1. Among the residues of segment 188-203 satisfying the criterion of being surrounded by fewer than 20 Cβ atoms within 10 Å (Cβ to Cβ) and touching a helix residue (DSSP H, G or I) at 6+ places or on another chain (Cβ under 8 Å), which is farthest from residue 156 (Cα to Cα)?
2. Considering each of 122, 148 in turn, give the residue that is surrounded by 15 or more Cβ atoms within 10 Å (Cβ to Cβ), within 16 Å of residue 434 (Cα to Cα) and touching a helix residue (DSSP H, G or I) at 6+ places or on another chain (Cβ under 8 Å).
3. Just checking: which of the helices (runs of 4 or more DSSP H) contained wholly in segment 350-454 hold 3 or more residues that are under 14 Å from residue 122 (Cβ atoms)?
4. Scan (1) closer than 26 Å to residue 411 by Cβ; (2) in contact with a strand residue (DSSP E or B) (Cβ under 6 Å, 6 or more places away or on another chain); (3) crowded, with 20+ Cβ neighbours inside 10 Å for the single condition residue 110 breaks and write down its number.
5. Looking at this structure, is residue 415 over 20 Å from residue 118 (Cα atoms) and either in the same structural domain as residue 301 (by TED's automatic domain parsing) or in contact with a strand residue (DSSP E or B) (Cβ under 7 Å, 6 or more places away or on another chain) (or both)?
6. Among the listed residues 395, 399, 422, identify the single one that is surrounded by 17 or more Cβ atoms within 10 Å (Cβ to Cβ), over 30 Å from residue 135 (Cβ atoms) and at pLDDT 95 or above.
7. Answer yes if at least one residue in segment 204-212 is in a strand (DSSP E or B) and at pLDDT 90 or above, and no otherwise.
8. Considering only residues that are surrounded by fewer than 21 Cβ atoms within 10 Å (Cβ to Cβ), under 26 Å from residue 175 (Cβ atoms) and at pLDDT 95 or above, which ones fall in segment 271-299?
């Protein structure tokens, strides 16, 4: 079934639309909730006897687990990447971000102690590389600094079951729910699911009564609207927690969840439910390490970006300037903005934990008067409180406005994440860092080691 789930993400990535979609007149569509690459995904050719569904939320609501493919901000002519005449791919070409990784370096499980993961320290000022561990991050922080964490919480969003009438195998991915109790999900099965048909769910916990979803309608964007059949006093989150599986990426055990993933694939500070993929740089922190950092005087500042299914959308064009970045819901409070401004006024630095924290901070630093987000970083905007969708694609020659340092994992080739990291750290330096990480047997991807870029 893991292969089917991998292909669900691929179908979603290719089919999800950016515009709003309406259900048939006879059905009400769930109101949306903003809530997501770990990166790479295969393409899928749909067959005549298989159904694939995927959709877009209608409007923000309390709980989010969704990503839409949004139009990227057009780049001003002055910010266009320079032409490379050396024969090497230019920084606007996707091939420039490719590399070969031995399969043995893809981490399949986290280390027993999160903070003992290795941490490569890359210094942009000196161009030097050190090899440390994540618990050493305290040595690189000063009392006047701020550490920004993404407090999104991963939902057990993967659903496995069978069609009640036929017994046919079925898999899905929870995206969002609304106040009426309807769910929007991605769905994969043979044949066509008709309104009124029931799906029998297989519990990830292996115990409990059989639970069902009832099909309500299909959307134009090819997701499925269903109604979970709840028990008295039960809500959607309780139901999902009983039947859902942790949506670990396909490069980890081919997407097969272990019971330990419920804890391992979640940061210790996760608070806001809504993600279908973890902000993996945060997996290296323990409560004790955070207490040590805070005890040293560093301000710990939460932001939220709900990592959604759109994060699996691969770049399918050859030039970055032609890529349409998926959209994700992000928020940063007035209180956090004031703290960061105060720390910076004292000469402090903003350390962002993970690419999602980077995108949240930089999105909130580039909000134009009309509410859109400038994708170049070349403007007079300042950091401000923000809550809404962001489709910010950070790529050369983006100018960072708020983030001074970042902790991140090692990312997939040709992904939006590796592009962001190379834009921040400097192209040649980060390429050298990745080469050294491979030579030194660093562990890659979600459960792998970290890189601190100063």
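The values are calculated or read from the model by the stated rules, or taken from the named source; none is laboratory data. Values in this document were obtained by computation on a predicted structure and should not be read as measured data. A quick note on method: Cβ atoms are made from the backbone with ideal geometry, for glycine too, and the neighbour counts reach across all protein chains shown.
1. At the first step, the residues of segment 188-203 found to be surrounded by fewer than 20 Cβ atoms within 10 Å (Cβ to Cβ) are 190-192, 194-198, 200, 202-203.
Adding the requirement that they be touching a helix residue (DSSP H, G or I) at 6+ places or on another chain (Cβ under 8 Å) leaves 202-203.
Details: 202: 13, 203: 11 Å.
Here the answer is 202.
2. Values: 148 fails: within 16 Å of residue 434 (Cα to Cα).
That would be 122, the only listed residue that is surrounded by 15 or more Cβ atoms within 10 Å (Cβ to Cβ), within 16 Å of residue 434 (Cα to Cα) and touching a helix residue (DSSP H, G or I) at 6+ places or on another chain (Cβ under 8 Å).
3. Details: elements: 355-364, 416-425, 427-439.
Here the list reads 416-425, 427-439.
4. (2)
5. Values: over 20 Å from residue 118 (Cα atoms): yes; either in the same structural domain as residue 301 (by TED's automatic domain parsing) or in contact with a strand residue (DSSP E or B) (Cβ under 7 Å, 6 or more places away or on another chain) (or both): yes.
So residue 415 fits the description; yes.
6. On the way: 399 fails: surrounded by 17 or more Cβ atoms within 10 Å (Cβ to Cβ); 422 fails: over 30 Å from residue 135 (Cβ atoms).
Step by step, each of 395, 399, 422 is checked, and only 395 is surrounded by 17 or more Cβ atoms within 10 Å (Cβ to Cβ), over 30 Å from residue 135 (Cβ atoms) and at pLDDT 95 or above.
7. Residues of segment 204-212 in a strand (DSSP E or B): 211-212.
So of that shortlist, the ones also at pLDDT 90 or above come out as 211-212.
Yes: one or more hits.
8. Just the residues of segment 271-299 that are surrounded by fewer than 21 Cβ atoms within 10 Å (Cβ to Cβ), to begin with: 271-273, 286-297, 299.
Going one step further and asking which of them are under 26 Å from residue 175 (Cβ atoms), we end up with 271-273.
271, 272, listed by residue number.
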